[in-house]
Amino acid sequence: MSSSQLSSFIYQKVTPYRLLIFFTSLLFLPKALLENPNSGVDPSWKISINMALHQGLSFGKDWVFTYGPLGFLSTRITAYVGIFPLLVYDAFAVGVLIYILRFAFKDLNDLSKCLTIPYLIMMTSHNSEATFQLFMLFLFLIFHNYRTKSLISIGLATILCILIFFIKLNLGIVTSLILFILFSW
């Protein structure tokens with residue numbers, strides 16, 4: 001491939017919207033791939049989630065906490081679970097974000113308006129709580145499905161609802177209720 005063909009290919013494929021989607025996705029990624037808990041009593045609950053999962057304890061019966069068996073996705077501690085589940089989770093979350101950004105940028109149709117989206121994504125992802133980020137994606141997918149009746153959007157919203165439920169029960173109940181109301185209409 002010659003340099004003129006390469007520059008032509010880049011010019012055709014690298015659009016301002018695709019660059020914006022790429023950099024917005026980078027903003028959405030977690031600040032740290034994994035966390036090491038500090039010493040003391042307070043951070044010990046983060047390790048206890050992973051230990052309960054590792055020991056095969058039944059959440060809700062043998063071990064009760066507001067975080068569920070996938071709570072390690074929110075705490076980002078790899079003890080007893082490894083880094084692979086975090087990488088899969090991050091890839092899935094960024095994939096859902098890219099799906100959402102494609103629709104958001106297409107609907108806005110103005111690059112200057114689209115520049116507010118990375119700011120909103122950064123503010124959403126600034127909160128280290130994974131369920132908060134997933135809930136924002138969930139809400140967009142619900143509203144997108146309401147407008148377009150997209151099966152992909154409702155499918156992704158259902159997957160996010162299940163993830164949220166197994167990460168943190170209280171928000172999982174809220175998302176389940178929203179999904180139930182949507183299916184009841």
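Quick notes on this structure:
- Neighbour-count ranking [beta-carbon atoms within 10 angstrom, fewest first] of F84, F165: F84, F165
- Each of S176, S39 was scored by other Cβ atoms within 10 Å of its Cβ. Arranged with the fewest first, they read S39, S176.
- Using a Förster distance of 25 Å, the FRET efficiency for T66-R18 (Cβ separation, nearest 0.05): 0.05
- Taken one residue at a time, the phi angles of the stretch 63-75 give Karplus couplings (6.51, -1.76, 1.60, θ = phi - 60°) of 8, 10, 6, 5, 8, x, x, 9, x, 5, 5, 8, 7 Hz. Gly and Pro are set to x.
- Put simply, the amide H of W63, placed in the peptide plane, has neighbours under 5 Å in S58, leaving out anything fewer than 5 places away on its chain.
Bear in mind these aren't lab numbers, they're just calculated from the coordinates by the rules spelled out. Not measured: the values here are computed from a predicted model. With ideal geometry, Cβ positions are generated from the backbone for all residues, glycine too; neighbour counts draw on all protein chains shown.
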